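A.B. asks: Before I ask anything, let me first share the structure, which is written out below as structure tokens.
The values are calculated or read from the model by the stated rules, or taken from the named source; none is laboratory data. Just so it is clear, the model here is predicted, and its values are computed rather than measured. When we count neighbours, we look across all protein chains shown, and the Cβ atoms used for this are built from the backbone with ideal geometry, even at glycine. Accessible surface is based on the protein model in full, side chains and every heavy atom, while ligands, DNA and RNA are left aside. Shrake-Rupley method; radii C 1.70, N 1.55, O 1.52, S 1.80 Å.
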Amino acid sequence: MFGERLSAMVGLLVGKYRLSKRLVRDALSDLLGVKLSLGAIRDREQEMSEALSAPVAQAEEYVRDQDATNLDETGWYEGKGEGGHRRAWLWVAATALVAVFRITSSRGSEVAKALLGTDFAGFLTTDRWSAYNWYDTALRQLCWSHLTRDFQGFIDRGGEGARIGQELMAERNRMFKWWHRVRDGTLARDAFERRMKEVEQK
């Protein structure tokens, strides 16, 4: 009775655009002339969840097997409970090829551990949020956007902090100049690693 494109559209309207079932029903009627009951919309959501469970599990396994993963979370609001929207968190574990999203009521370390799995041993890039403090610091990279803002903050404060901030920013710029050459294929990675020893020491 329902094709995969209609089911996908219901999933898109409910998921990405976060429309209520009533608004989805009205949008499909107004735009496509398709009449669906609220129960049929709920059934399409369930159908999509079941269809996506295996690919999501594959994506999660892929992320856990990588040598490097980025992890972050941001505020999210769910539904309309008593007193308005309920606070939740949207988490993302992102690699070069695959990203996994999870919405949960917690911003704690248990979510980060669940996303990465117990066997993850790669490099993890995060911000300074305490939910990541359990991970081995030798394998944890702080986000360079955050570090860059810190260095600029030192510079903006003036005085001795400004001098330190300028030196840190100079080393950061040197690193990214070389890294962009690695990315573009004009500098070998082993040459980059040799050059970086001086930057890391300084």
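A.B. asks: Give me the number: length gained by fully extending K177 to F2, i.e. 0.36 nm times residue separation minus the C-alpha to C-alpha distance, one decimal in nm. Walk me through the numbers before you get to the answer.
C.D. replies: Details: separation 175, 0.36 × 175 = 63.00 nm, distance 5.31 nm.
That pair, K177 and F2, stretches by 57.7 nm at full extension.
A.B. asks: Residue by residue through the range 162-170, what is 3J(HN,Hα) from phi via Karplus (6.51 cos²θ - 1.76 cosθ + 1.60, θ = phi - 60°)? Round to whole Hz and write x for glycine and proline.
C.D. replies: 5, 4, 4, x, 5, 5, 4, 5, 5
A.B. asks: How far is helix 4-15 tilted off the main Cα axis of the chain, in degrees rounded to 10, range 0 to 90?
C.D. replies: That works out to roughly 60 degrees.
A.B. asks: Right, something else. With a point put 7 Å past each Cα toward its Cβ, work out how far Q58 is from L90 in nm, to one decimal.
C.D. replies: In this crude label model, Q58 to L90 measures out at 2.5 nm.
A.B. asks: From the backbone phi of the range 56-61, what are the Karplus-calculated ³J(HN,Hα) couplings (6.51 cos²θ - 1.76 cosθ + 1.60, θ = phi - 60°) in whole Hz, Gly and Pro given as x?
C.D. replies: Karplus-based 3J(HN,Hα) across the range 56-61 equals 5, 4, 5, 5, 4, 5 Hz.
A.B. asks: Another question, then. Apply 1/(1 + (r/R0)^6) to the Cβ-Cβ distance of D65 and K197, taking R0 = 25 Å, and write down the FRET efficiency to the nearest 0.05. Before the final figure, lay out each step's value.
C.D. replies: Numbers: r = 29 Å, r/R0 = 1.17.
The formula returns an efficiency of 0.30 here.
A.B. asks: For the range 66-129, what proportion of DSSP beta bridges, expressed in % and rounded to the nearest 5, is antiparallel? Show your work: numbers first, answer last.
C.D. replies: Numbers: 16 of 19 bridges.
Percent antiparallel among DSSP bridges in the range 66-129 is about 85.
A.B. asks: Could you let me know the centre-to-centre spacing of the range 53-126 and the range 158-173, using Cα atoms, in angstrom?
C.D. replies: What the calculation gives is 34 Å, centre to centre.
A.B. asks: If one takes the longest principal axis of the Cα atoms in the chain, at what angle in degrees, from 0 to 90 and to the nearest 10, does the Cα axis of helix 21-32 lie?
C.D. replies: Tilt relative to the chain: about 80 degrees.
A.B. asks: Calculate one ³J(HN,Hα) per residue across the range 133-141 by plugging θ = phi - 60° into the Karplus curve 6.51 cos²θ - 1.76 cosθ + 1.60, and present them in order as whole Hz with x for glycine and proline.
C.D. replies: 5, 6, 7, 3, 5, 6, 10, 10, 10
A.B. asks: Per residue, how much accessible area does the range 58-137 show when a 1.4 Å probe rolls over the protein heavy atoms, in square angstrom? Before the final figure, lay out the partial values.
C.D. replies: Values: 4780 Å² over 80 residues.
So the range 58-137 comes to 60 Å² accessible per residue, rounded to a whole number.
A.B. asks: Using a 1.4 Å probe on the protein heavy atoms, what percent of the accessible area of the range 18-125 belongs to carbon and sulfur? Walk me through the intermediate numbers first.
C.D. replies: Working: 3530 of 6740 Å².
Accessible surface attributable to carbon and sulfur in the range 18-125 totals 52 percent.
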